[in-house]
Amino acid sequence: MAMGSPEDTLAGIHLRTATWDGVVKKYGAPTKTVTVPNNPNWTGYLWDSAGTRLEVEVTHSKTRQYVDTITVVRVGSSLGGDKLADAGATGRGLKLGDSLEDLKRVYGARFLLLKQDAVPVETTPFSETPGSEVAIVQWMKLDFTLTAGLDAGGKIVALRLRLPSCYPGGCQ
């Protein structure tokens with residue numbers, strides 16, 4: 001478990017306070033909306049640009065909609081005009097293209113590093129974290145989870161941030 005305060009911001013979206021309306025105000029209408037019949041309380045929203053894919057997962061409770069997972073994937077070279085190029089960073093400054101050493105510098109050395117069969121960046125949205133290995137950072141206070149997917153060259157190609165499972169009602 002990582003020390004200190006948990007990371008709670010990715011792509012300029014603060015998970016503790018994010019609203020669906022706020023995400024739309026920041027990024028505009030999504031490129032695609034995904035629903036699944038076996039979970040009517042979940043909706044996935046996708047924004048695509050030349051070099052970046054933003055995925056936002058929203059859970060619908062009886063009283064409100066809340067953002068519970070944000071994923072940013074570098075899907076190509078970030079050329080000029082990539083409207084999502086700045087979305088690939090955490091609140092503390094870790095960004096797509098950084099290395100494992102950068103992750104250590106920002107969050108410390110307490111994380112789990114796992115090899116995985118290489119998952120291409122073009123993988124189906126809302127599924128696996130792209131990369132040939134993943135670094136998982138989780139904090140003790142609240143189990144916010146940051147996952148960084150690294151390519152074979154050790155560069156971060158994907159970042160995923162999830163709320164604790166007991167949010168938004170609060171962890172007891």
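The values are calculated or read from the model by the stated rules, or taken from the named source; none is laboratory data. Since this is a predicted model, take the numbers as computed values, not measurements. As a convention, Cβ positions derive from the backbone with ideal geometry for all residues, glycine included, and neighbour counts pool all protein chains shown.
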| note | Here the residues within the range 33-54 that are in contact (Cβ under 8 Å) with a residue 24 or more places away in the chain, part of a loop (DSSP other than H, G, I, E, B) and over 18 Å from L10 (Cβ atoms) are A50
| query | How many residues are of a type outside the set (S, T, N, Q) and not in a helix (DSSP H, G or I) if we restrict to the range 7-32? | reply | 14
| message | Can you find a residue that is of a type outside the set (A, V, I, L, M, F, W, C) and in a strand (DSSP E or B) anywhere in the range 75-82? | response | no
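Identify, from the list D82, D86, the residue that is modelled with pLDDT under 90, touching a Gly at 6+ places or on another chain (Cβ under 7 Å) and either surrounded by 12 or more Cβ atoms within 10 Å (Cβ to Cβ) or under 17 Å from A152 (Cα atoms) (or both).
One residue alone meets the criteria, D82.
Return yes when V67 is farther than 17 Å from P130 by Cα, crowded, with 20+ Cβ neighbours inside 10 Å, within 13 Å of the chain's Cα centre (by Cα) and at pLDDT below 95 and no when it is not.
On the way: farther than 17 Å from P130 by Cα: yes; crowded, with 20+ Cβ neighbours inside 10 Å: yes; within 13 Å of the chain's Cα centre (by Cα): yes; at pLDDT below 95: yes.
The answer is yes for V67.
Residue by residue through the range 91-125, note down the ones that are of a type in the set (K, R) and under 12 Å from L150 (Cβ atoms).
Answer for the range 91-125, where residues must be of a type in the set (K, R) and under 12 Å from L150 (Cβ atoms): just K115.
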| request: Answer with yes or no whether L84 is among the aliphatic types (A, V, I, L, M) and more than 23 Å from T123 (Cα to Cα). | output: no
